[in-house]
Amino acid sequence: MKLFQTAIAAALLGATALAAPAHADVKIGLIGGVTGPIAAMAPPMIASAQLAIDQVNANGGILDGQKLIGVVGDSACNPQNGTDAATKAVNIEGVVAIVGPHCSGSVLAVANSVTVPAGIAIITPSGTSPEITSLDDKDTVFRTVPSDDYQGRALARTLLDRGTKKVAVAYLNNDYGKGLAEAFKSEFEANGGEIAGYAAHEGEKASYRSNLAELASGGADTLVILDYGDGSGLTLLRQALENGFFENFVGADGMKSDATFKELGAENLTTFVASSPVGEKSDALEMFSKAFTEAGGDPSAIFVTTSYDAAFLMALAVEKAGGDKTKVAAAMREISNGTGETILPGEWAKAKELIAAGKAIDYKGAAGDHNFDEKGDVPGAYALFKVGANGFEMIGEMK
Amino acid sequence: MEWIGFANYAVYMAIFICIYALLSLGLNIQWGFTGLFNAGIAGFFAVGAYTSAVLTSPAADGRLGGFDLPFWVGWIGAMVAAALIAWPIGKICLRFRSDYLAIATIGVAEIIRLVIKSEDWLTNSARGITDIPRPLGDLPYTMSQLAYLAIVMAILLVVYLMVERQIASPWGRMMRAIRDNEDAARAMGKDVPYRRLEAFIFGSALMGLGGALFAHFNRSITPEAIDPMVATFLVWIMLILGGSGNNRGAILGVAVVWVIWSVSEIVTDQFPHEYAVKAKYLRIFLIGLMLQLVLRFRPEGLLPEASGERKPVGKTGN
């Protein structure tokens, strides 16, 4: 009993002592699925968001030279922890905006029960569910990652253009895999393709051989894997290769993970292609990649570009809004709407000057241009990648 | 205006604790008083949450409903649906003892979870249901949080008083008799399987209500919310830590675990970000450590079950 009291007292004391803010700092929340199902993906995503924050601080800080601070919260990829982390960020830390949460379920719960009522803008780098589009969000919810709808359709059209008419589809049974698979299926069939196998699978299983055998029985030689390349998607790919179920493999952005060729060997993946969002101006991506590599990160990890863009956009919006959290959402629309001076990743000092001068700016990010539509979504530009000697190589734009 | 922030956070925690307290009370009826090892809380939580979501959300394409009914219809519906699901499950599974029952219920909860995750026409599968109305949710942030807290507190109070009364009644004594010595209870002429089924259904209905309150609180429900980790095992930890067989203990356990879990993050947030990310795992370790210490030094929980005579409430026996 005593132990508990001491523990609670210590925790509360720590909280009150530390939560008293130094008013010079401006805080934004970085809420991600640190623990839980995407624990492997979250640390690089948070690191890339932190890179944006570091760049802001290294180039004159935010507002009147104040320091921008990212407060890391754990949404554990579920609504329970997501709302808890967001409530703390908004109320205890006093953040002006939130980058995150990472998973769609958390985004929906956090937006509905915390940030929309509290009037805080959020921007998610990886919540891809189409449900987020239809949120009644008073225009405070944005994302730098396109809805699965767009990518699934783009992938379907690209495959048909490349002459693949018959495929089997294996998708991870969550909002990501499901959203992609549905969009892919409807577009593929509408344009004359044939789906010879279509099945969901659960994540983190040891074997998918029975799933693969069933998918292969439809007679397709191409397997579309809509899953994560460092999780069950890798297992699926490995077992499909080992047993020769399929000849060609196609993945979406989740499968464009270095884990695939590191684990399986590039020489075995000559028939594997993956789509992924890219910036239309590739110099933006290069600037980010260079900076993130210098910071010790891996720029090809999943969702790091969208995380970086989300954090950088949020910093720009906060600067534009003058630190007033009620104006951040409106400012977000002004800094990246396709008009004004182009700002590339890391060009904080230039952006700050232009904002101070009252000039329009337009951020072009590592993951795309991020010209938000009326729902706060981005259409996204995609390219198809294959595995080459030095990792993934782009083989063409997708339409 | 720092204190408003703290107040908002405290209100949020209180709402959360009230919702989880319903789950914990439901489990207490099943485990604490009747000795049924139900490891499928998430299943009943999910049935309640989704039932209420379907009943109260506005009409949507591609899935059942929504029927746009008032929230209280959804909440009653959630309890009824959870009870109806619990009936056949209890009928089949309650013949198992202790750990076998745990295995069976865990399996049932997984079945429910996978059905919810996979069936488009029923629950919109992996995308979940949004647009669930929240009573008084249109008020400004702080006011709507307070209003929801008042609602869940009132519900918790009513449930608590009813469960207390039920447990103090001859029915409650009978349940404890069944728990402690089934053969003796049977020899006294008690219909043991029927009574166990009663407790199972009663507890499950409360879990369903908890699920419904949770869905309305977040105005959305997705399969991620019914992960066994946060919807089953967390509740078990809360109940064991607080003291099974004691309703106040069940509620206290929820409060202690959630406050430690939630507040500890504020402390870890103060580290630089590369450590803050790692420190998140420390919180999970902390909860595990708490449980170990309680089981080692105070296995009966923080507030143990009252031993000895309870004052009978009713006059007639069953």
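The values are calculated or read from the model by the stated rules, or taken from the named source; none is laboratory data. Since the structure is predicted, the reported quantities are computational estimates derived from the model, not experimental observations. All Cβ positions, glycine included, derive from the backbone under ideal geometry; neighbour counts span all protein chains shown. Only protein heavy atoms, including side chains, enter the accessible area calculation; ligands, DNA and RNA are left aside. Shrake-Rupley method; radii C 1.70, N 1.55, O 1.52, S 1.80 Å.
Just a few scattered comments:
- The residues in the stretch B:48-64 that are open to solvent by 20 Å² or more (accessible area, probe 1.4 Å) and within 18 Å of B:P133 (Cα to Cα) can be counted, and the count is 8.
- Across the stretch A:334-366, the number of residues qualifying as open to solvent by 60 Å² or more (accessible area, probe 1.4 Å) and part of a helix (DSSP H, G or I) comes to 4.
- Sole exception among (1) under 26 Å from A:K290 (Cβ atoms); (2) modelled with pLDDT of 90 or more; (3) surrounded by fewer than 23 Cβ atoms within 10 Å (Cβ to Cβ) for A:Q66, by number: (1)
- Condition check for A:G70: within 29 Å of A:G346 (Cβ to Cβ) and more than 7 Å from chain B (Cβ to nearest Cβ): no
- Segments classed as helices (runs of 4 or more DSSP H), wholly inside the stretch B:216-315, with at least 3 members that are facing chain A (nearest Cβ under 8 Å), without any contact (Cβ under 8 Å) to a residue 12 or more places away in the chain and not aliphatic (A, V, I, L, M): B:273-297
- Pair list, Cβ under 7 Å, 6 or more apart: the stretch B:139-164 residue touching a residue at least 40 places away in the same chain (Cβ under 8 Å), other residue hydroxyl-bearing (S, T, Y): B:Q145/B:Y12
- The stretch A:251-271: number of residues that are surrounded by fewer than 24 Cβ atoms within 10 Å (Cβ to Cβ) and either free of Cβ contacts under 8 Å to residues at least 40 places away in the same chain or among the hydrophobic types (A, V, I, L, M, F, W, C) (or both): 11
- Of all residues in the stretch B:111-132, those that are within 11 Å of chain A (Cβ to nearest Cβ), of a type outside the set (A, V, I, L, M) and either surrounded by 15 or more Cβ atoms within 10 Å (Cβ to Cβ) or over 26 Å from A:S104 (Cβ atoms) (or both) total 9.
- Screening the stretch B:223-263 for residues that are hydroxyl-bearing (S, T, Y) and in contact with a Gly (Cβ under 9 Å, 6 or more places away or on another chain) and picking the one that is farthest from B:V163 (Cα to Cα) gives B:T232.
- If you go through the stretch A:220-244 and pick out every residue that is free of Cβ contacts under 8 Å to residues at least 40 places away in the same chain and in contact with a strand residue (DSSP E or B) (Cβ under 7 Å, 6 or more places away or on another chain), you end up with 2.
- Any hit, the stretch A:98-114, residues being more than 14 Å from chain B (Cβ to nearest Cβ) and open to solvent by less than 10 Å² (accessible area, probe 1.4 Å): no
- Yes/no for B:A225 being touching a Pro at 6+ places or on another chain (Cβ under 7 Å) and modelled with pLDDT under 95: yes
- Under the condition of being β-branched (V, I, T) and in contact with a Cys (Cβ under 7 Å, 6 or more places away or on another chain), the residues counted in the stretch B:144-188 number 1.
- Scanning the stretch B:1-47 for residues that are more than 19 Å from B:R219 (Cβ to Cβ), open to solvent by less than 10 Å² (accessible area, probe 1.4 Å), aliphatic (A, V, I, L, M) and part of a helix (DSSP H, G or I) gives B:A21, B:L23, B:L25, B:L27, B:I29, B:I41, B:A42.
- B:M143 in contact with a helix residue (DSSP H, G or I) (Cβ under 6 Å, 6 or more places away or on another chain) and open to solvent by 50 Å² or more (accessible area, probe 1.4 Å): no
- Of all the residues in the stretch A:181-200, those that are touching a Ser or Thr at 6+ places or on another chain (Cβ under 9 Å) and within 11 Å of chain B (Cβ to nearest Cβ) number 1.
- Candidates in the stretch A:115-138 are the residues that are more than 17 Å from B:T130 (Cα to Cα) and modelled with pLDDT of 90 or more; of these, the one that is nearest to the other protein chains (Cβ to nearest Cβ) is A:A118.
- Qualifying positions in the stretch A:155-180 - open to solvent by 10 Å² or more (accessible area, probe 1.4 Å) and either on the phi > 0 side of the Ramachandran plot or among the aliphatic types (A, V, I, L, M) (or both): A:L160, A:G163, A:L172
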